[in-house]
Amino acid sequence: MSPRASTKLPLTVLVALLLACACTTTATRTAPFRVRPDSTAAGALQGPFSGQVKDSASGDPIPGALVYATWTYERGDGIPQPTGAAEAVASTDANGRYNIVHPKQATPDGNLTAFHLVVYKKGYVAYRSDRRFSDLGPRFDFAQTHNAISLDRWHSEHSHVRHLRYVGGGSALAALTAWERAEATAELSGERKELDGQLSSDLLDSLSDGRLIAAQLLGEAEIKEITGYEGTFESGPLNDEADTANYSSQHFKALGQPEVYDVAIRLWRLDEDRAAKRFAELSETLPGVTERDDVADQSLLALEGDIQGYAFLDKRRSIVVLITCGKGQCSEQSQLVALAGKIFSNIEAVVPLGQR
């Protein structure tokens, strides 16, 4: 079928409108965290950052914990396009205290839009400034300075697979968590068979509260297998809004490459009427839309310059997915369709018909 009329909204603007995100300014975003625990004033994304890490049970300081900080830069109106990231690595001192400053020599082009901090210590459950490990829900108690962090001891009932996904990517973290990958591999092979050759038992566990997590429906290995990409990704949720029971996102940022090598997933799990309405909104507002019948009950392909998107509607499960992939990563449309098909097959494997 022929593409839709050229009056469509740009692909980078569309999803922002759908999510009612007022991202029409190029100013640096207001930090989503407080400047101090005892203040209601917003902190500064630039930093500096300070805090103390303690054992949640004993209250003792935890020395030698890795403190990994990342700053994200973006440009453009609507849904901003990532332009780079900066990172800083430190460790807690003998009193469990840390201090993080932005590396001035590493300031990418664009606007500073996000800051994330991860604390990792072997034998403990890691800490993230933006979300909790227990339910992957958003964290609201992080503070820029005098931040108080309590780490829980690792217990045998915890999942290494889930923990590695929670910790996320980054060169420093990858080196420090290498030992845990072996534990995760043993966990996968010893407890339950992986679904469709890729998905772990942790994905089944994530459905216990009715939640689907975009990060668990497509992995880096699956992307590389389909596109042939040999580089590395830094992955994490998009900055549009936090994951909920109805919405989830994941951004696979290709390190050292322009945004045309990135992959992003947005997933909505709604009731039947709202799911149909969301897909209709995508169909009416995405640019260069061509109706397809490759994946699920309804699907479409959208094109805008070097960015291409594919959306599908699974009517029986009331799920809508939009995946975008730049032409650097998905040089052929068939690769984008294959990624969407992989997501759909993973959804079919873990969401029985009739489960909401």
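The values are calculated or read from the model by the stated rules, or taken from the named source; none is laboratory data. This is a predicted model, so every value here is computed, not measured. Backbone-built Cβ (ideal geometry, glycine too); neighbour counts: all protein chains shown.
A few points about this structure:
- Counting only residues that are over 17 Å from residue 43 (Cβ atoms) and part of a loop (DSSP other than H, G, I, E, B), segment 109-166 holds 20 of them.
- Selected residue (only one of 132, 128, 153 is buried (at least 18 other Cβ atoms within 10 Å of the Cβ) and at pLDDT 85 or above): 128
- Residue count for segment 254-303, restricted to those that are part of a strand (DSSP E or B) and surrounded by fewer than 21 Cβ atoms within 10 Å (Cβ to Cβ): 5
- Qualifying residues in segment 87-108 (those that are outside any loop (DSSP other than H, G, I, E, B) and at pLDDT 90 or above) - the one surrounded by the most Cβ atoms within 10 Å (Cβ to Cβ): 98
- In segment 304-332, the residues that are surrounded by fewer than 18 Cβ atoms within 10 Å (Cβ to Cβ) and farther than 21 Å from residue 351 by Cα: 305, 306, 327, 328, 331, 332
- Answer residue from segment 40-61, given it is hydroxyl-bearing (Ser, Thr, Tyr) and free of Cβ contacts under 8 Å to residues at least 60 places away in the same chain and is farthest from residue 98 (Cα to Cα) among those: 40
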